[in-house]
Amino acid sequence: MQSLHGTVQHYAWGTTDAIPNLLGVPADGRPFAEYWLGAHHVAPSRLDGTTLDALLRERPTLIGDRSRTSFGDQLPYLLKVLSARHALSLQVHPSREQAQEGYARENEAGIAPDAPERTYKDDWPKPEILIALEEFHTLSGFRDPRRTASLFAGLGVAGELASVIGPLTERKGPAALAEVFLDVLSLDGERAQLSELVCAAAMAHKDDEGELGEFARTVLELDEVFPTDPGILAALLMNRVTLQPGEALFVPAGHMHAHLRGTGIEVMANSDNVVRGGLTTKHVDVTELVKVVEFSPSDPVVTRPEPVAPGVDRYPAPCPEFDVWRIAPGTATVTVPGVGSARILLVVSGTAELAGRDGTLHLGRGGSCFLAADEQATLSGDAVAFLAASGVR
């Protein structure tokens with residue numbers, strides 16, 4: 001049981017205050033977008049005198065036997081705090097098979113790891129779960145195409161957009177969504193002005209109630225950050241979801257999504273693979289998108305944690321790379337779950353006292369620690385903490 005210190009990522013879309021407030025460090029005006037806790041080689045966390053990836057290379061038994069059998073001698077998950085000031089890019093993550101094939105293909109082609117046209121940074125999938133710490137807004141999966149066509153009609157632009165959105169009513173399901181999504185990413189000439197037309201129409205409906213008002217406000221929110229970007233039209237094919245604190249959304253492979261704003265805990269497989277689909281100045285590989293994206297319409301499934309013991313709730317995460325718990329012991333002392341896997345614990349409020357075989361560790365808000373696979377520990381105090389472990393243990 002050792003104190004752990006993560007790495008901040010200063011991406012442009014991050015907020016300036018939420019992560020500094022959590023960590024108890026000065027806000028210096030820079031965006032603090034993500035705080036990484038894990039052993040990913042891009043930004044491994046630090047312990048006394050070493051980094052977590054180096055420690056696990058030296059002592060792989062700390063990971064846990066079953067996890068090592070399934071995933072090799074590396075931590076299979078990454079825990080983050082994510083804090084978005086505005087929308088991230090439209091993106092999707094590959095399956096394990098797609099990641100392995102794509103990574104090998106780009107290596108064989110001699111594409112440098114840091115090349116802007118590089119899509120696959122590693123050979124891992126990236127299923128992930130986002131747990132809201134405050135009200136959190138995101139786009140998740142594709143709305144039923146006929147509902148989307150009706151919303152464009154509600155804005156009064158269905159006629160002008162007929163050449164683009166016609167397939168939403170003329171074709172069915174995935175075929176309709178794929179055709180429209182890929183078409184809007186390649187708008188040029190006169191058709192490139194269609195996003196401006198939609199934004200102008202949205203102004204008249206920004207105060208409307210219900211789904212149409214939300215649709216219009218999404219247009220304006222995206223246009224403020226990505227003016228005239230055709231990716232706005234692609235984003236409007238998607239479900240908008242608002243998570244309340246404690247609610248979660250699981251993002252499987254192939255699921256198009258884009259976080260809009262808010263702060264939350266994000267746990268994912270130990271990967272940095274992102275296939276982008278718009279609302280970005282970075283590389284958009286349309287050919288790869290066609291391979292990876294699941295274009296079937298779906299309704300978002302918002303989940304809440306399930307109690308597994310007094311003071312311990314588990315979030316459903318249907319993937320083998322990770323499990324996630326929220327621990328709030330209150331007046332009790334609880335046993336830290338996940339034995340059999342290396343674990344990372346992060347305190348988001350209050351104070352925690354962890355007692356284990358090597359003594360006691362005190363953690364305040366923003367504090368984190370690493371527990372070895374075979375380490376038994378109890379937690380007490382008024383803390384609220386999140387714990388991640390391998391889903392195989």
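Below are the figures for this structure:
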item	result
Kirkwood Rh in Å, taken over all unlike Cα pairs in region 27-99	14.7
Backbone HN-Hα couplings from phi across region 56-68 [Karplus 6.51/-1.76/1.60, Hz, Gly and Pro as x]	6, 5, 6, 9, x, 5, 5, 6, x, 4, 5, 5, 5
Ellipsoid equivalent to region 58-157 - semi-axes via the Cα gyration tensor, in Å	35, 21, 14
Farthest positive-ward along region 17-112 dipole, Cα basis, beta-carbon charges - from L47, P94, A109	L47
Straight-distance crosslink candidates among lysines, where the alpha carbon sits under 28 Å from K80 and sequence neighbours closer than 8 are dropped	K121, K126, K282, K291
Debye intensity ratio I(q)/I(0), log10, the chain, q values 0.07, 0.09, 0.10 Å⁻¹ (C-alpha model)	-0.34, -0.55, -0.68
Distant alpha-carbon pairs in region 188-345 (separation over 20 angstrom), percent	63
Degrees, to the nearest 10: 210-225 long Cα axis against longest axis of the chain	80
Equivalent ellipsoid semi-axes - Cα gyration tensor, region 1-138, angstrom	26, 22, 15
Relative packing of 343-353, 166-176, 224-234, 207-217, which averages over residues the other C-beta atoms within 10 Å, highest first	343-353, 224-234, 166-176, 207-217
Nearest 10 degrees, 0 to 90: helix 145-155 Cα axis against the chain principal axis	60
Cα centroid separation, region 64-87 to region 1-37 (Å)	18
Dipole moment magnitude, nearest 20 debye, the chain about Cα centre, only Lys, Arg, Asp, Glu C-beta charged	660
Where only alpha carbons of region 144-263 are counted, the Rg and the Dmax (Å)	14.3, 45
The chain, helix-only ellipticity at 222 nm - DSSP H runs n ≥ 4, -39,500 (n - 2.57), divided by all residues, nearest 500	-7000 deg cm²/dmol
Angle in degrees between helix 173-184 and the longest Cα principal axis of the chain, rounded to the nearest 10	80
Relative contact order [Cα under 8 Å, 6+ residues apart], the chain, whole percent	23
Positive-pole candidate from G189, A258, V308, dipole of the chain, charges at beta carbon	V308
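Taken together, the values in this text are just the output of simple stated rules run on the coordinates, not laboratory data. Just so it is clear, the model here is predicted, and its values are computed rather than measured. Methodologically, a virtual Cβ is constructed for each residue, glycine included, from the backbone with ideal geometry; neighbour enumeration extends over all protein chains shown.
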